[in-house]
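One structure is given here, and the rest of the page talks about it.
Readers should treat all values here as calculations from the given coordinates under stated rules, not as data from a laboratory. Fair warning: this is a prediction, and the values are worked out from it, not measured in the lab. Using ideal geometry, Cβ is built from the backbone for each residue, glycine included, and neighbour counts are taken over all protein chains shown.
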Amino acid sequence: MEDRHDEVRLEGGNVGGAVRVGATVRRPVGPWTPAVHALLGHLAGRLSRIPAVLGHDDQGREILSYLPGRVVDVNTEQLSLGQIDSLVRWTRSLHAAVAGFSHPGPWRYFPVAHATLIGHNDIAPYNVCFDGDELAGVFDWDLAGPSTPLLELAFIAWNCVPLWCDIGAKDAAERLEAIADAYGGPDASAILLAVPARIQAMLDWILVAAAAGDEGMANLMKAGEPDRSASSLKGLVERIPAISRLLACLRLRRASGSSPGGHRPGRATRRCGRRGFC
Ligand SMILES: Nc1ncnc2c1ncn2[C@@H]1O[C@H](COP(=O)(O)OP(=O)(O)O)[C@@H](O)[C@H]1O
Ligand SMILES: [Mg+2]
């Protein structure tokens, strides 16, 4: 395909980066790209808000369709509860749509014990865009691979509650409940308790992948990982008991009928102003 438009660097990526060319996006490829394209091909027609694979350009980059929408800047904003609800409901649709899909890989993502499905594995504000409260697009599928719903939800919680900074135990508990409600699967406590191992596995893998020559992971290291997130994770581990206690209270209140349950879209909470991965 010929490039007839100027390239515009897209902000918000620290791994491989992406550029926009007209209605398309160009991204570097890796050994995992055939598996990712097979996944996107399987999902086309089964799931909305995903990029279409349009081939490769004369520089060997993948060509994807551009997904219009607003990317929330995690340095200055939090997702609204409505946005969390839409994102997690979409995740549930993704997990339904991948049923029956398998691929021998190679996948870029690290091996996961007892994987039950192919997940996106990098669902975070910097990899999605919105139209108001509605999820409009999900990009950056390079970490897709064998996973589980709980691991996917744990990563969503880390990024979208968010748990990598202290927003206050009460707000964190309520936003975890919103994630659990929207997915309708593991409860909020199970999601919270799955976060440390999920994040630690990722941090360990960044070092291993960078040492093995994965340029994107070397770029993440230049941006301060895994040290930055290791320090955030330490903070979360200290806050988990307080958040867990509040989740237990919320559960009791719900069981006794004194709480309406469910989330309250649109309510804003305290911001923390520092980004996670990319
Ligand atoms: N298909 C797409 N449609 C619209 N914007 C995109 C698309 N792919 C990427 N972007 C934008 O480019 C940014 C960086 O792209 P991404 O694929 O996440 O790169 P990285 O691998 O470096 O994280 C994203 O945060 C998003 O804003
Ligand atoms: Mg990205």
Going through (1) surrounded by 15 or more Cβ atoms within 10 Å (Cβ to Cβ); (2) more than 23 Å from Ala182 (Cβ to Cβ) one by one, Asn127 fails only at (2)
Could you check Gly12 against (1) within 13 Å of ligand 1 (Cβ to nearest atom); (2) part of a strand (DSSP E or B) and say which number it fails?
(2)
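Would you confirm, using the coordinates I've provided, whether Leu39 is within 15 Å of ligand 2 (Cβ to nearest atom) and outside any loop (DSSP other than H, G, I, E, B)? Walk me through how you get there before you give the answer.
Details: within 15 Å of ligand 2 (Cβ to nearest atom): no; outside any loop (DSSP other than H, G, I, E, B): yes.
The answer is no for Leu39.
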Looking at this structure, is Tyr126 touching a Gly at 6+ places or on another chain (Cβ under 8 Å) and either of a type in the set (Ser, Thr, Tyr) or within 16 Å of ligand 2 (Cβ to nearest atom) (or both)?
yes
Looking only at segment 15-36, which residues are part of a loop (DSSP other than H, G, I, E, B), surrounded by 18 or more Cβ atoms within 10 Å (Cβ to Cβ) and among the aliphatic types (A, V, I, L, M)?
Val15, Ala18
Can you report the number of residues in segment 140-160 which are out of contact with any Phe, Trp or Tyr (no Cβ under 8 Å at 6 or more places or on another chain) and closer than 13 Å to Leu94 by Cα?
3
Of the residues in segment 107-129, how many are within 13 Å of ligand 1 (Cβ to nearest atom) and out of contact with any Leu (no Cβ under 8 Å at 6 or more places or on another chain)?
3
So Gly45 fits all but one of (1) free of Cβ contacts under 8 Å to residues at least 24 places away in the same chain; (2) touching a Lys or Arg at 6+ places or on another chain (Cβ under 6 Å); (3) assigned to a loop (DSSP other than H, G, I, E, B); what number is the exception?
(2)
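Quick check, is Asp85 away from ligand 2 (no atom under 16 Å from the Cβ), of a type in the set (D, E, K, R) and buried (at least 17 other Cβ atoms within 10 Å of the Cβ)? Walk me through how you get there before you give the answer.
Numbers: away from ligand 2 (no atom under 16 Å from the Cβ): yes; of a type in the set (D, E, K, R): yes; buried (at least 17 other Cβ atoms within 10 Å of the Cβ): yes.
It is true that Asp85 is away from ligand 2 (no atom under 16 Å from the Cβ), of a type in the set (D, E, K, R) and buried (at least 17 other Cβ atoms within 10 Å of the Cβ).
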Taking the condition of being in a loop (DSSP other than H, G, I, E, B), among the acidic types (Asp, Glu) and away from ligand 1 (no atom under 15 Å from the Cβ), how many residues in segment 53-88 meet it?
1
Would you confirm, using the coordinates I've provided, whether Ser147 is of a type in the set (Gly, Ala, Ser) and either in contact with a strand residue (DSSP E or B) (Cβ under 6 Å, 6 or more places away or on another chain) or without any contact (Cβ under 8 Å) to a residue 24 or more places away in the chain (or both)?
yes
Report yes if Asp140 is in contact (Cβ under 8 Å) with a residue 24 or more places away in the chain and either on the phi < 0 side of the Ramachandran plot or part of a strand (DSSP E or B) (or both), otherwise no.
no
Sole residue being touching a Gly at 6+ places or on another chain (Cβ under 9 Å) and over 30 Å from Glu134 (Cβ atoms), chosen from Ala197, Ala210, Ala201
Ala210
Residues in segment 162-193 that are surrounded by 21 or more Cβ atoms within 10 Å (Cβ to Cβ) and within 17 Å of Lys234 (Cβ to Cβ) total 5
